[in-house]
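See below for the structure under consideration.
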Amino acid sequence: MEKPNYRPFAPLIPDEMIQRAERLGAALLADGMIGMGIPFEGCMDAQISPVHDSMRIVGTAYTVSTASGDNLPIHLAIYSGKEGYVLIIDGKGHADHPYLGELMTSATKAVGLKGIVLDGLVRDKQALIELGLPVFAKGFMPRGPIKKEPGEINTAISCGGVTVHPGDLIVGDADGVVVVPRDRIEAVIEASEKKLDYEEKRKITIAEYEKKRKQGMDPGELAPQWVKDKSTEFGL
Ligand SMILES: O=C([O-])CC(=O)C(=O)O
Ligand SMILES: [Mg+2]
């Protein structure tokens, strides 16, 4: 029998980059990908959402490919999992069975993996919330999974409409999941940090405007420069 396509782990993304990405979150990283030619700014399909809004994940991609509700490859990937990686599962959007639940998520947590992103369904929702390990999926179903084929591990996959290579940066939070290609991480983080500076300044301007207005003072202008430029362009 032909050996399954199981590849070695990509190196972990350095801690310094992980910490910078943690401060940014999914939306700012998606902004950082604007204009870089990365399809859909690396954003997975909106149906892939956290089991609980408080769940946040930042880590290095460890990929699995499977289909038709078959969770055998996911079991095999979990038990050879390593600390610091995020399990990214291409479940082909299968909607007739869930792929995993409480036991597999506890095992994922036990081996030190940072969480799970799955293009498919899960079960045991309440237990997953209590476990607290970040799990991102397309929804829930109580039915049992299937166990059949070995699938693939650590190959390039598609998850939520985005290509994911082992070693890519994965960031998920209440807004959804973004994938930053490995060779673009530094450039994307730098662009996202610039956007964060802009947003922090903008929040101060908005708060000052509100305070002055409430105190009966002239609050000045609220529209940012780019809106004023657009207004001029349209003769407003
Ligand atoms: O039974 C399974 O394979 C999936 C599941 O519910 C669990 O991981 O708890
Ligand atoms: Mg279960």
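So if a site counts as exposed when it's one of the trypsin sites (Lys or Arg not before Pro), its DSSP state isn't H, G, I, E or B, and it has at most 14 other Cβ atoms within 10 Å, what's the longest stretch of the chain without one?
Formally, the longest exposed-site-free interval is 149-236.
If you add up the charges near residue 3, with Lys and Arg at +1 and Asp and Glu at -1, over every other residue whose beta carbon is less than 14 angstrom from its beta carbon, what do you get?
My count for the surroundings of residue 3 gives -2.
List the GluC sites (Glu not before Pro) within the range 1-75 that fall in a DSSP loop (any state other than H, G, I, E or B) and whose Cβ has at most 16 other Cβ atoms within 10 Å.
When the GluC sites (Glu not before Pro) of the range 1-75 are filtered for loop state and at most 16 Cβ neighbours within 10 Å, 2 remain.
If I ignore ligands, DNA and RNA and count only protein heavy atoms, how much of residue 96 is accessible to a 1.4 Å probe, in Å² to the nearest 10?
In the full protein context, residue 96 sits at about 90 Å².
Output the relative contact order of the chain, whole-number percent, from Cα pairs under 8 angstrom with separation of 6+ residues.
Computed value for the chain: 28 percent relative contact order.
Per residue, how big is the convex hull of the range 190-233 when only Cα atoms are used? Give it in Å³.
Taking the convex hull of the Cα positions in the range 190-233, it is 61 Å³ per residue.
Quick one: pull the percent of accessible area on the chain belonging to carbon and sulfur, 1.4 Å probe, ligands and nucleic acids left out.
54
Only Lys, Arg, Asp and Glu count, each charged at its Cβ (+1, +1, -1, -1), so figure out the dipole size of the chain about its Cα centre, rounded to 20 debye.
360
Hey, got the Cα dimensions of the chain along the principal axes, in Å, largest first?
75, 36, 34
Would you mind checking the range 25-62 for residues with the amide N under 13 Å from a putative spin-label position 7 Å along Cα→C-beta of residue 203?
25, 28
With charges set only on the Cβ (+1 for Lys and Arg, -1 for Asp and Glu), what does the dipole of the range 143-220 come to about its Cα centre, in debye to the nearest 20?
Value, rounded to 20: 400 debye.
Can you pull out the chymotrypsin sites (Phe, Trp or Tyr not before Pro) in the range 135-236 whose DSSP state is coil and whose Cβ has at most 14 other Cβ atoms within 10 Å?
Answer by residue number: 234.
Can you pick out the pairs among 125/203; 114/138; 138/203; 109/195; 92/114; 114/203 whose Cα atoms lie more than 28 Å from each other?
125/203; 138/203; 109/195; 114/203
Sort out for me the Cα centre separation of the range 1-54 from the range 164-236, rounded to whole Å.
When both Cα centres are located, 20 Å separates them.
The values are calculated or read from the model by the stated rules, or taken from the named source; none is laboratory data. Note that the structure is predicted; figures quoted are calculated from it, not measured. Neighbour counts are summed over all protein chains in view; Cβ atoms, including those assigned to glycine, are modelled from backbone coordinates with ideal geometry. Areas reflect the complete protein model, heavy atoms only, side chains present, ligands, DNA and RNA absent. Shrake-Rupley method; radii C 1.70, N 1.55, O 1.52, S 1.80 Å.
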